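Remarks on the structure that follows.
Laboratory data are not the source of any read-out in this text; all were calculated from the coordinates shown. Model, not experiment: these values are computed from the prediction. Here the Cβ positions follow ideal geometry from the backbone for every residue, glycine too, while neighbour counts run over all protein chains shown.
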Protein chains: 2
Amino acid sequence: MDFSNLISDKMLGVKASAIREIFKVAADPAIISFAGGVPAPETYPAQEIKEICNRILETEPTQALAYGLSEGYIPLKELVLERMRDKEGIDTDQQNDIIIVSGSQQGCDLTSKVLLNEGDGVVCEEPSFIGCLNTFRTYNAKLYGVPMNEDGMDLAILEETLKNNKNIKLIYTIPTFQNPSGITTSLAVRKGMLELAKKYNVVILEDNPYGELRFSGEKVPTIKSMDTTGHVVYLGSFSKVFSPGLRLAYLIFDKGLCEKLTVAKQATDVHTNVFSQMIAAGYLQSYDIDSSIERSRLLYKHRCNFMLSCMDKYFPKAATYTRPEGGIFIWVTLPEGTDTGALMKEAICRKVAFVPGNAFMTDVDSPSNSFRLNYSTMSDEKIETGIRILGELLAEKL
Amino acid sequence: MDFSNLISDKMLGVKASAIREIFKVAADPAIISFAGGVPAPETYPAQEIKEICNRILETEPTQALAYGLSEGYIPLKELVLERMRDKEGIDTDQQNDIIIVSGSQQGCDLTSKVLLNEGDGVVCEEPSFIGCLNTFRTYNAKLYGVPMNEDGMDLAILEETLKNNKNIKLIYTIPTFQNPSGITTSLAVRKGMLELAKKYNVVILEDNPYGELRFSGEKVPTIKSMDTTGHVVYLGSFSKVFSPGLRLAYLIFDKGLCEKLTVAKQATDVHTNVFSQMIAAGYLQSYDIDSSIERSRLLYKHRCNFMLSCMDKYFPKAATYTRPEGGIFIWVTLPEGTDTGALMKEAICRKVAFVPGNAFMTDVDSPSNSFRLNYSTMSDEKIETGIRILGELLAEKL
């Protein structure tokens, strides 16, 4: 059947994620893949989850297997709010409400559904997370990329963008250990973004999946913790600190958005998997997630530092790169004019994979001289071998 | 904060589900609620799921807790396709593909995302499932209700509707044990719907969550089993035959829709909960789901027949109702002019709840002289007491 006259306009322009295509190539075990973006499997608390599953299915099977509330499993909502108050300084008493969602991507999808008409504008960091850029594209939103400086979005360009485009409703940001750049937005820039959001009456979607994975430097407050007016929708996730396969994340937002976000959740998938929500609640209640996160931090600290030391050793001087204080990504920038898309094809011939920078741009068709490296799942040996091969390739090309 | 200038047009008109509001009232344990629509909790295979969870977390914990494929867990896809070939006669070899989704509602959401521009038309049965009607509303689709006869949609009105409204892209139908009416669409009407879909080049979304719950009469082939041209998207679910809390359903569709549905799934929530998919696959592989469904059928047969016998005994003659051959709903129609919304308020004062018919209409604001009764979770004693009270109320009012 020819569906061409039936596909919606908003889906016509959205392509399968370039990253997913690279993943298929990188799935070849002969390839050393720095293209991924997943947590280290050894950080999943499988044994603890087994104990929790047994307890749930012995004592509360009906609740775990029956329909649940669209807003989420109440004990998990309360545990998350308590944790976010303690760890992130988010006001969880007066102004804000919470919905448990099926992963951060869904938090982005629901926020888009509630706010965006077709043609409305979304400001994003340039580069930014391809998954959420694609979500905005499925709403036929217009993306406005604001270049990243070392301390986050360029505020002057952000203000100019907001001033000149009255269709903008949303600023999408990953302020801490950004995907793909690894950059952490400074306190001053966070404050500036919040002021601009208020001035131009737009919502900030603060996506913070990596925030708890800091392994050096000083913690910077979340934008949501400084939000007294309700302009920030905060998106937290269990994917990088517990398990991505269980699809658990949470939106924390001004109560004024609660009804519409709840209806959007109802109409989208009724509610998040109850069993998984009970597993996460059981883990927060009876186990020590902070110790578990501390172990992840030490693991990623080692892998990041080791990868950086290999890059210092093997990469030519013309390649510059970020030195993240947490998270799972390093961003490499080559001299202007280099096309990292073409470079990737050669790297794959040499059995090393990374993601070229254009995948993270508002215009994916323009070549990029940057690329993303991930270190979270790799052994020292593979890191050294892969970075050495990449270094040789870069030395030949630059 | 005042969000009124920021909410999207498509969400402005969508209200919290009336059913969910009634559920809140009906949650009072003093109320006998026929308002629900959930499977009997005693049908959830909790012990078997516990065994499967232990096996998965001992032997394949990393796969269960890590990111998965947007299309779904491959063994579950294969098991479902095999089952759909055997049970429903769906061609799973050549023409069709499958995606595992987070419940039927998400199947409806993704189909809408891929097909519908704002203002596009969706034909639905009048009455129909409120949840999916709300999904279409969140895409600013225009709903065209086609009245239900005893054998399904009125084909003459369906054709007139398709002929006069070129914006229509989708026919939404629950042909077997429909929610809310309990009606099963006849083979002749199914064939007629398929012909009309081909003639006017629209897609049929065949939602079949109750199809396996037949307890009397002859099985009618699914529309998808007669589809040789790719016009039917089939939506099957684990919610009524396994567990609703695990949020598992599946879309089976012509391969021509695969890329866009996969991208829509990626942009919506990346993938369905992997652990739950492995639990369902483990159940289909190592346990006897057909025996389990047979037990559910016998349970619902008893409860349906018992409720009907009580209605025969206690309801005034002016009340007519469907006699379903499966599923979990009975639809009651009162003389024209009766407002079952007002009636419900009086019923709740007498501690009995049901869902008034207007909730299932394309125009929820027009009074309805019908209402929906559910029998799936109720003891004989509660069914008899509740129906007696309702019968007394009806006798007073009619």
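What residue, among those in region B:1-19 that are of a type outside the set (G, A, S) and assigned to a loop (DSSP other than H, G, I, E, B), is nearest to the other protein chains (Cβ to nearest Cβ)?
Only one residue fits best here, namely B:M1.
Could you list, in sequence order, the residues of region A:309-342 that are hydroxyl-bearing (S, T, Y), closer than 18 Å to A:P147 by Cα and crowded, with 18+ Cβ neighbours inside 10 Å?
A:Y321, A:T322, A:T333
Of the conditions (1) away from every other protein chain (no Cβ under 11 Å); (2) over 18 Å from A:M153 (Cβ atoms), A:E206 fails just one. Which one is it?
Of the numbered conditions (1) away from every other protein chain (no Cβ under 11 Å); (2) over 18 Å from A:M153 (Cβ atoms), the odd one out for A:E206 is (2).
Listed residues B:V122, B:V114; which is β-branched (V, I, T) and over 17 Å from the mean Cα position of the chain (by Cα)?
Answer to the selection: B:V114.
Which of the numbered conditions does A:L196 fail, given that it passes all the others? Conditions: (1) within 29 Å of A:E218 (Cβ to Cβ); (2) surrounded by fewer than 21 Cβ atoms within 10 Å (Cβ to Cβ); (3) over 22 Å from the mean Cα position of the chain (by Cα); (4) not aromatic (F, W, Y).
(2)
Filter region A:74-104 down to the residues that are assigned to a loop (DSSP other than H, G, I, E, B) and within 29 Å of B:R247 (Cα to Cα) and list them by number.
Selection gives A:T92, A:S102, A:G103.
Restricting region A:20-39 to residues that are surrounded by 16 or more Cβ atoms within 10 Å (Cβ to Cβ) and more than 10 Å from chain B (Cβ to nearest Cβ), which is nearest to A:A141 (Cα to Cα)?
Going through the qualifying residues, I end up with A:I22.
Quick one: which residue in B:L170, B:L115, B:L158 is touching a Leu at 6+ places or on another chain (Cβ under 9 Å) and either more than 28 Å from B:G72 (Cα to Cα) or away from chain A (no Cβ under 11 Å) (or both)?
B:L158
Please go through region A:233-257 and give me each residue that is within 12 Å of chain B (Cβ to nearest Cβ), under 17 Å from A:Q106 (Cα atoms) and of a type outside the set (G, A, S), ordered by number.
A:V233, A:F238, A:K240, A:P244, A:L246, A:R247, A:L248, A:F253, A:L257
Restricting attention to region B:43-58, report how many residues are more than 7 Å from every other protein chain (Cβ to nearest Cβ), within 16 Å of A:E58 (Cβ to Cβ) and part of a helix (DSSP H, G or I).
So the count comes out to 4.
For region B:4-14, which residues satisfy the criterion of being surrounded by fewer than 17 Cβ atoms within 10 Å (Cβ to Cβ) and free of Cβ contacts under 8 Å to residues at least 12 places away in the same chain?
Hits for region B:4-14 are B:S4, B:N5, B:L12.
Based on what the data block shows, is B:P316 in contact (Cβ under 8 Å) with a residue 40 or more places away in the chain, closer than 19 Å to B:R388 by Cα and out of contact with any Pro (no Cβ under 8 Å at 6 or more places or on another chain)?
Taking the combined requirement at face value, the residue satisfies it.
Which residue is nearest to A:P324 (Cα to Cα), if the candidates are limited to region A:203-235 and must be among the aromatic types (F, W, Y) and within 15 Å of the chain's Cα centre (by Cα)?
Checking each candidate, the answer is A:Y210.
Test B:P175 against the stated conditions and say whether it is in contact (Cβ under 8 Å) with a residue 12 or more places away in the chain, closer than 19 Å to B:E212 by Cα and more than 14 Å from chain A (Cβ to nearest Cβ).
Yes, satisfied.
Taking region B:273-288 on its own, how many of its residues are part of a helix (DSSP H, G or I) and more than 7 Å from chain A (Cβ to nearest Cβ)?
Within region B:273-288, residues that are part of a helix (DSSP H, G or I) and more than 7 Å from chain A (Cβ to nearest Cβ) number 10.
Go through (1) over 30 Å from A:N54 (Cβ atoms); (2) hydrophobic (A, V, I, L, M, F, W, C); (3) assigned to a strand (DSSP E or B) one by one and return the number of the condition B:V114 breaks.
Tallying (1) over 30 Å from A:N54 (Cβ atoms); (2) hydrophobic (A, V, I, L, M, F, W, C); (3) assigned to a strand (DSSP E or B), B:V114 fails exactly one: (3).
With (1) under 22 Å from A:Q105 (Cα atoms); (2) more than 17 Å from the chain's Cα centre (by Cα) as the list, and B:R85 as the residue in question, which single condition is left unmet?
Unmet condition: (1).
As an exercise: evaluate B:R297 against (1) within 14 Å of chain A (Cβ to nearest Cβ); (2) in contact (Cβ under 8 Å) with a residue 12 or more places away in the chain and give the number of the one condition it does not meet.
It is condition (1) that B:R297 fails.
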